[in-house]
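Q: Have a look at this one.
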Amino acid sequence: MVKPELVERAVEVLRSGGVIALPTETVYGLAANAEDELAVRRVFAIKGRPATHPLIVHLAGVEHLTSWAREVPEAARRLADAFWPGPLTLVLPRTPRATDAITGGQDTVALRVPGHPVALAVLNALGGGVAAPSANRFGRVSPTTAEHVRVDLGSDVDLVLDGGPCDVGVESTIVDLSSGSPAILRPGGLSAEAIERVLGHPVPVRVASKVRVSGSLESHYAPRAGVVLAEPTEAAARVRALREQGLSVGVLGPRGLELPGDVPRFDVPEDPAGAARVLYARLREADEKGHDVLVACLPSASGLGIAVRDRLARAAAPRTPHH
Ligand code: TXA
Ligand code: MG
């Protein structure tokens, strides 16, 4: 685990306007002091992310909520109490503390208390909020180890804190509570079922049009290789068809799949939480082998399987110009 001196160093870097890579339980974040506008702008520049895509502000605990959110509806309170620290982000009406640099000029702010001891140690020592998108270049696969961050961002970050591999492996679930009834803006590391259990009613998925969620662009989380989705029973046929076109093919899927004998398989377990944990690391590994196409087996559409299917669909989507 990270030494106390390193946590202190991280806080110094944040206080002096620097940018660090911070482990969370979902993915690694590219973190800046949320109240330092220049540092926040540097985060956008390093990622190559459009300034209109707002950032999540990470807090040390639920007690900080009202200094960033001017209205906290009962449903938000219940979700925060049930799931923080954890892979849940709440979108709420902002206070002036959440500046335009973070919110992209929207009147709402995305807030979360991350469930990782290193992130919490840094946040507690800093006392304020930390703006942190995933620590990858815009449109690419999110990092789940410190090594992924170093490979992607190299010397662009002032300090990389190594908190080990992320336990959840996909980004937080984003719930909009800023108006009317709650809606899921991004499926993620907390299942819709768990959220619905606490709220006592169904919560629809509303993929953003008005609110700008960059993870909701068509092509995202994209490796260099093409990605083709398959139900496990179709995987072998897909592999054969692609090979007949002369393509080099790898498979992301569970053990026990029936495949042509010589096809490289990158292990993504059948159980959705296990699949979420390793998904991004396996996408990277498979990509490094230089295959033309990766055939990705879809996990069942329940629990974290919804988030895994969502990320795989975006990885498979047609590329937009910024790729
Ligand atoms: O698990 C996570 O959420 C990770 C870790 C580092 O905490 N962070 C993360 O950040 O995934 P990022 O920037 O890659 O994704 C944050 C998403 C973006 O899609 C952004 O558009 C959305 O949150 N978002 C931020 N503020 C928002 C707002 N006010 N309304 C709607 N969506 C918002
Ligand atoms: Mg991201």
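Q: If Leu90 satisfies all but one of (1) assigned to a strand (DSSP E or B); (2) within 9 Å of ligand 1 (Cβ to nearest atom), what's the number of the condition it fails?
A: (2)
Q: Further question on the same structure: Would you confirm whether or not the range 233-243 contains a residue that is within 11 Å of ligand 1 (Cβ to nearest atom), at pLDDT 95 or above and more than 15 Å from the chain's Cα centre (by Cα)? Don't jump to the end; show me each part of the working.
A: Here is the first cut: in the range 233-243, the residues within 11 Å of ligand 1 (Cβ to nearest atom) are none.
No - not one qualifying residue is present in the range 233-243.
Q: Another question, then. Of the residues in the range 93-140, how many are under 23 Å from Gly48 (Cβ atoms), in a helix (DSSP H, G or I) and touching a strand residue (DSSP E or B) at 6+ places or on another chain (Cβ under 7 Å)?
A: Total meeting the criteria: 2.
Q: Additional query: Among the residues of the range 192-201, is any farther than 23 Å from Leu252 by Cα, at pLDDT 95 or above, outside any helix (DSSP H, G or I) and more than 14 Å from ligand 1 (Cβ to nearest atom)?
A: Yes: the range 192-201 contains one or more residues that are farther than 23 Å from Leu252 by Cα, at pLDDT 95 or above, outside any helix (DSSP H, G or I) and more than 14 Å from ligand 1 (Cβ to nearest atom).
Q: Could you grab me the full set of residues in the range 141-156 that are surrounded by fewer than 24 Cβ atoms within 10 Å (Cβ to Cβ) and in a loop (DSSP other than H, G, I, E, B)?
A: The one that is surrounded by fewer than 24 Cβ atoms within 10 Å (Cβ to Cβ) and in a loop (DSSP other than H, G, I, E, B): Thr145.
Q: Given Val62, Val149, Val109, which one is in contact (Cβ under 8 Å) with a residue 40 or more places away in the chain and more than 25 Å from Ala192 (Cα to Cα)?
A: Working: Val62 fails: more than 25 Å from Ala192 (Cα to Cα); Val109 fails: more than 25 Å from Ala192 (Cα to Cα).
Checking each option against the conditions leaves just Val149.
Q: Sticking with this one: Name the residues in the range 25-40 that are more than 12 Å from ligand 2 (Cβ to nearest atom) and assigned to a loop (DSSP other than H, G, I, E, B), would you?
A: Selection gives Glu25, Ala34, Glu35, Asp36.
Q: Can you name the residue in the range 45-73 that is in a loop (DSSP other than H, G, I, E, B) and near ligand 1 (Cβ under 8 Å from one of its atoms) and is also surrounded by the most Cβ atoms within 10 Å (Cβ to Cβ) among such residues?
A: Among them, the one singled out is Leu55.
The values are calculated or read from the model by the stated rules, or taken from the named source; none is laboratory data. Note that the structure is a prediction, hence the values are computed from the model and not measured. We place every Cβ from the backbone using ideal geometry, glycine too, and count neighbours over all the protein chains shown.
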